[in-house]
Amino acid sequence: MSNNWWRDAVFYQVYVRSFADGNGDGIGDLEGLRSRLDHLVTLGVDALWLTPFYTSPMADHGYDVADPRDVDPQFGDLATFDRLLADAHDRGLRVTIDLVPNHSSDRHVWFAEALLAPPGSPARGRYIFRDGRGPGGDEPPNNWPSIFGGPAWHRVPDGQWYLHIFAPEQPDLNWDNPEVSADLATTLRFWLDRGVDGFRIDVGHGMAKPAGLPDMTVTDLKLLENDDDDLRFNAPGVHDIHRMIRGVLDEYPGSMAVGEVWVRDDDELRKYIRPDELHLSFNFRSVEARWRADELRSAVEHELHVVAGTGSPPCWVLSNHDVVRHVSRYGEGLVGERRARAAALLLLGLPGVAYLYNGEELGLPNVELPDEVLQDPTWVRSGGTERGRDACRIPLPWAAGEPPYGFSPAGVETWLPMPAGWSLLAADSQDGDEGSMLNLYRAALGVRRKNPAVSGDLEWLDAPAGCLAFRREGGLVCLVNTTNAPVDLPAGEVALTSVPLVDGRLPGDAAVWLTA
Ligand code: GLC
Ligand code: CA
């Protein structure tokens, strides 16, 4: 198979906790995923991205990694992982996994050593420990807030403070320490030797910190958001780290990495996909764009501008485990669903790489949960002002009926409660329904496969106000109508529509694909 398999691939993000429960404890796991691989084959995706399944106390549901080279018992063990990988490969699915280099868990053996060791010791030097400011060092070393709320510093009994940009259970690693980078290389090789095809790099614009850890001037940042002016991210030293990672990946031809890089400036974002850095970087403008033709078009134009001349294909995404699902972003209920259908044709009609988030192929919305079941650390750390990301992480419904809809055996309580009324969204309800979201995604992936477009070339076509239209390399034409009035179709043969045409015209909140 080609080493460039990823250049026009459709990736499917598996939020492992919420995909399928193999052992009936209410939590998704690797065996559950293995048993549902055929859903992904029938859907027609090329590759998977698995969120962290490593040993973890789950303070941030696995993004607090205690041992990056083992599987948490909640998710399975290494043997299960190997079976999953083999089964996925047998079905032609590539498997990529999450890498969390910015921080470890506070239960990582290194952090336990650091707590036992004195200030200034090599063990503390793997993390970012500092003396406090003010009388007695009682004030944190600087004014940085945590992304999840509260200060980004936590004091230990001997009076020093350690940095945690996320939760206190996620101490930031010191990337100026060569041991930290050597250990990441060991982790990369560990999984590449087992046969994984690549990585998604968590907080890919983090890791390196600005020299001297200066105070921030902007402190009114919204929780859970990464601002371009936030000096803790996108520090110049981050690029050396990506070069180190790329160096290891280049020893394994055909492997790749995509970065979670929340940087909006095109020129800054472009630096991450230089030939010796990441293969791909998400462009989150498509997540932030509202359902308006000008915003969607601008998101596309920015990404095309970012990748132009780099040799990297564009990389599109609408939803993931950190943001409001796009069905809900675009307007809830039938309107949101109808727009999400059109958005699927936009996403999958664009040239390059697309990432799907598990459940978007079922049209799942966000689900507002009662306070007492919320688990995202942001909820507690914000003092109950920010509900966090649980609403987009509800377990997937597989079978019609009642909760837990085949996610777990009947009667089992799932880790986040599943709502009543999801029977029609269940995968098996949608399977035989020609008009379902699931069958729209299947059809779109089928047409896309027959009309490959790798280079990222795209030609804008004239379109009525409130619409966008383009022809991508290979000839596929996509027209998206964000208004509520019907518009005429461009020339060509209709290959797929998000909703039926009306009198030969494309109705509002809809999209069409045409071939020459
Ligand atoms: C990334 C992950 C998010 C996690 C954070 C800290 O943004 O996508 O889920 O909470 O990093 O690891
Ligand atoms: Ca389980």
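The values are calculated or read from the model by the stated rules, or taken from the named source; none is laboratory data. Note that the structure is predicted; figures quoted are calculated from it, not measured. Virtual Cβ from ideal backbone geometry, glycine too; neighbours counted across all protein chains shown. Remember, those area values only see protein heavy atoms, side chains included, never the ligands or the DNA or RNA. Shrake-Rupley method; radii C 1.70, N 1.55, O 1.52, S 1.80 Å.
Summary table below
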{"read-out": "q = 0.15 Å⁻¹: log10 I(q)/I(0) that the Debye formula gives for region 109-163, counting C-alpha atoms only", "value": "-0.41"}
{"read-out": "Calculated diffusion of region 41-130, Stokes-Einstein form, Kirkwood radius summed over Cα pairs, 4 °C and 1.567 mPa s, µm²/s", "value": "87"}
{"read-out": "Full-extension gain in nm, Val380 to Arg243, via 0.36 nm per residue minus C-alpha separation", "value": "45.6 nm"}
{"read-out": "5 angstrom amide H check on Met256, placed H, neighbours 5+ away", "value": "Gly198, Phe199"}
{"read-out": "Rounded to 5, percent antiparallel among DSSP beta bridges of region 152-294", "value": "35"}
{"read-out": "Relative contact order of the chain, pairs being alpha-carbon contacts under 8 Å that are 6 or more residues apart, as %", "value": "13"}
{"read-out": "Share of carbon and sulfur in the accessible heavy-atom surface of region 36-183 [1.4 Å probe, %]", "value": "52"}
{"read-out": "Estimated distance in nm for a label pair at Glu434 and Ala465, the labels positioned 7 Å out from Cα along Cα-to-Cβ", "value": "3.7"}
{"read-out": "Built amide H within the under 5 Å cut-off of Asp172, gap 5+", "value": "Ile128, Leu163, His164, Ile165"}
{"read-out": "Surface accessible to a 1.4 Å probe, Glu459 within the full protein complex, Å²", "value": "90"}
{"read-out": "Taking region 361-455 and dividing mean pair separation by its residue count, relative contact order in percent (alpha carbons under 8 Å, at least six apart)", "value": "26"}
{"read-out": "Residue-level accessible surface for Tyr330, protein heavy atoms, 1.4 Å, Å²", "value": "10"}
{"read-out": "Radius of gyration, Dmax [region 137-250; alpha carbons; angstrom]", "value": "15.7, 49"}
{"read-out": "Rel. contact order, % - alpha carbon contacts under 8 angstrom, at least six apart, region 109-163", "value": "29"}
{"read-out": "FRET efficiency for Val156 and Ser35, using Cβ-Cβ distance with R0 set to 35 Å, rounded to 0.05", "value": "0.20"}
{"read-out": "Bins of 20 Å, starting at 0 and running to the largest distance - Cα pair percent for the chain", "value": "22, 57, 20, 1"}
{"read-out": "Average projection area in nm² (convex hull over Cα atoms of region 458-515, one quarter of hull surface)", "value": "3.5"}
{"read-out": "Rough spin-label spacing in nm, given labels placed 7 Å along Cα→Cβ, for Leu334 and Thr515", "value": "3.3"}
{"read-out": "Percent of beta bridges antiparallel (DSSP, the chain, rounded to nearest 5)", "value": "55"}
{"read-out": "Euclidean distance between Cα centres, region 375-423 to region 149-190, Å", "value": "30"}
{"read-out": "For region 17-60: rounded, prolate or oblate by the Cα gyration tensor [a/c cutoff 1.5]", "value": "oblate"}
{"read-out": "Probe 1.4 Å, all protein chains present, accessible-area order of Val494, Val261, largest first", "value": "Val494, Val261"}
{"read-out": "For region 311-356, diffusion coefficient by Stokes-Einstein and Kirkwood Rh (Cα), 10 °C, 1.306 mPa s, µm²/s", "value": "142"}
{"read-out": "For region 337-391, convex hull volume per residue from C-alpha positions, Å³", "value": "114"}
{"read-out": "Portion, in percent, of the accessible area of region 361-511 that falls on carbon or sulfur, probe 1.4 Å", "value": "51"}
{"read-out": "Under 5 Å, built H, 5+ apart or other chain: amide partners of Asp457", "value": "Glu473"}
{"read-out": "Accessible area per residue in Å² at 1.4 Å probe, computed on region 458-515", "value": "43"}
{"read-out": "Shape parameters for region 236-300, alpha-carbon atoms, Rg then Dmax in Å", "value": "14.0, 44"}
{"read-out": "Estimated inter-spin distance, Glu372 and Leu78, nm [label 7 Å along Cα→Cβ]", "value": "4.3"}
